[in-house]
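Readers should treat all values here as calculations from the given coordinates under stated rules, not as data from a laboratory. Keep in mind that what you see is a predicted model, and the values were worked out from it rather than measured. Here the Cβ is made from the backbone with ideal geometry for all residues, glycine too, and neighbour counts use every protein chain on show.
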Amino acid sequence: MSFTGTFGNGSGLRYIHRKNLLQALADELPIDTIHFSCKIAAIETQTHDGSSPVIIHLGDGTLIKAKVLIGCDGVHSMVARWLGLSAPVKSGRSAGLGMAVFPEGHGLSHEVRQFIDVGLRAGYVPLNDKEIYWFLTCNSPPKGENLAGNPELLQKEVLDKYAKVLPPLLVDIIQKSDLSTLHWAPLMFRHPWNMLIGNLSKGNITVAGDAMHPMTPDLGQGGCSALEDAVVLGRHIGNSFIKNKRLVTTGDNNVGQAIDEYVKERKWRVTGLITGSYLSGWVQNGGSKWWMKFLRDVIFYRLFFGWILSIAKYDCGKLPSVSPAKPDKQSKLD
Ligand SMILES: Cc1cc2nc3c(=O)[nH]c(=O)nc-3n(C[C@H](O)[C@H](O)[C@H](O)COP(=O)(O)OP(=O)(O)OC[C@H]3O[C@@H](n4cnc5c(N)ncnc54)[C@H](O)[C@@H]3O)c2cc1C
């Protein structure tokens, strides 16, 4: 099965190197605002003159006093734990992924190819003329945990186990993987009801991205919805900032209220994505029993697949527009 171009409604697949995305995001921030390679070790809240600054303790001993804390710390989020959200659960499936490099060029067209077999889904995406991203999801193998952090073993296991069912081209791509890019992880998600009844925020502390809504990758929406979070959160905090001309933690339009609005706006959308992703993966990775084939090939692909892909077309609104600050007057947000 191949996917290419747009789905007729303007939405479609866009591929981006994680490194380029992170670089583009980092380039928007003032220099020295990012602390690299240090984890949040603890979170402390204080009440001081009616406001509640957050004290973030980093693993290297640094303390950061902040007016707002937005935990974008991934599936095993420490901030989500602090909020009391339930831990993500394993879906019973795992994913392997990597990037193959063809120094002379791979010569393939820029379309996504996907292959499905019983309990297995794999595919590749040319990122540019020389690099191809590949992925494979399967029912979690018993040795799954050992594969994480062991790229040679991961490549060997994938080839030993699946080379006979995968097309030769995909086998060649996996063989040409840059070992430093290989990853293996169990696919996890947060129970959808925890999104509806759990605390997604507390005052001026919240979560975004996988920290809020870990989902299986079957709709390819985990990263996209993290970007949606950023726009929605940016809009609500931005409006609060514009109304008060600064970030305030008390009084009208304070940042805690902006965060409440963000949570309200995102809750149902991400609950739907978690559920849709899980069901999509369950059907597509399902077994070979006649009813599962019927469910997958007739019901899912013919009736629901187009609708599921259209979920990606979502208008999360715009950021408030303000005239840019002059560089010399630009202040750093704490
Ligand atoms: C196989 C697979 C395929 C996927 N395909 C797609 C796709 O096609 N499209 C799509 O949109 N999404 C896809 N996703 C999902 C996407 O990768 C994630 O949703 C996205 O990376 C989430 O971004 P994030 O910034 O929230 O979390 P992450 O990318 O996990 O980043 C979290 C960051 O927080 C850091 N961190 C962790 N703990 C701490 C701590 N205590 N203190 C400080 N920092 C911490 C980590 O080091 C990391 O840098 C896929 C996922 C998988 C597994």
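Some notes on this structure:
- Cβ-Cβ FRET estimate between Phe305 and Lys264, R0 fixed at 30 Å, reported to 0.05: 0.50
- Helix axis angle, 18-27 relative to the chain longest principal axis, alpha carbon, degrees: 20 degrees
- Pairs of Cα atoms farther than 16 Å apart, the range 89-188, %: 53 percent
- Extension reserve of the Gln114-Thr47 stretch, reckoned as 0.36 nm per residue once the Cα distance is removed: 18.8 nm
- Taken about its Cα centre, the range 89-188 carries a charge dipole of about 380 debye when Lys and Arg each add +1 at the Cβ and Asp and Glu each add -1 at the Cβ.
- Test item: Cα-centred dipole of the range 176-311, Lys/Arg +1 and Asp/Glu -1 on Cβ, debye: 140 debye
- Choice from Val118, Val207, Val255 showing the highest fluctuation, given a GNM over the chain with Cα pairs closer than 10 Å: Val118
- In plain terms, the chain from Arg81 to Val322 could stretch by 83.3 nm, reckoned as 0.36 nm per residue minus the Cα-Cα distance.
- Cβ-Cβ FRET estimate between Lys313 and Lys289, R0 fixed at 30 Å, reported to 0.05: 0.35
- Distance between the pseudo-spin-label points of Ile34 and Asp252 (7 Å out from Cα toward the beta carbon): 3.9 nm.
- Reach of Lys90 by Cα under 17 Å, taken over lysines that are not fewer than 8 positions away in the same chain: Lys143
- Pairs exceeding 19 Å between alpha-carbon atoms, taken from Lys65/Lys202; Lys67/Lys318; Lys164/Lys293; Lys67/Lys243; Lys19/Lys156; Lys267/Lys313: Lys67/Lys318; Lys164/Lys293; Lys19/Lys156.
- Compactness of the chain - radius of gyration and Dmax, Cα, Å: 21.9, 68
- Percentage relative contact order, the chain, counting C-alpha pairs under 8 Å, at least six apart: 19 percent
- Proximal charge balance of Phe304 [Cβ under 12 Å; K/R count +1, D/E count -1]: +1
- Rounded to 10°, Cα long-axis angle of helix 222-244 versus longest principal axis of the chain: 10 degrees
- Candidates Ser321, Ser225, Ser91: whichever shows maximal mean-square fluctuation once the chain is modelled as a Gaussian network with Cα springs under 10 Å: Ser321
- Viscosity 1.002 mPa s, 20 °C: Kirkwood-radius Stokes-Einstein D of the range 48-147 over Cα pairs, µm²/s: 119 µm²/s
- Note on the chain: GNM, Cα springs under 10 Å; of Pro167, Pro186, Pro88, the largest mean-square fluctuation is that of Pro167.
- Only one residue of Leu219, Leu179, Asn128 has its Cα farthest out toward the positive end of the dipole of the chain, where Lys and Arg carry +1 and Asp and Glu -1 on Cβ, and that residue is Leu219.
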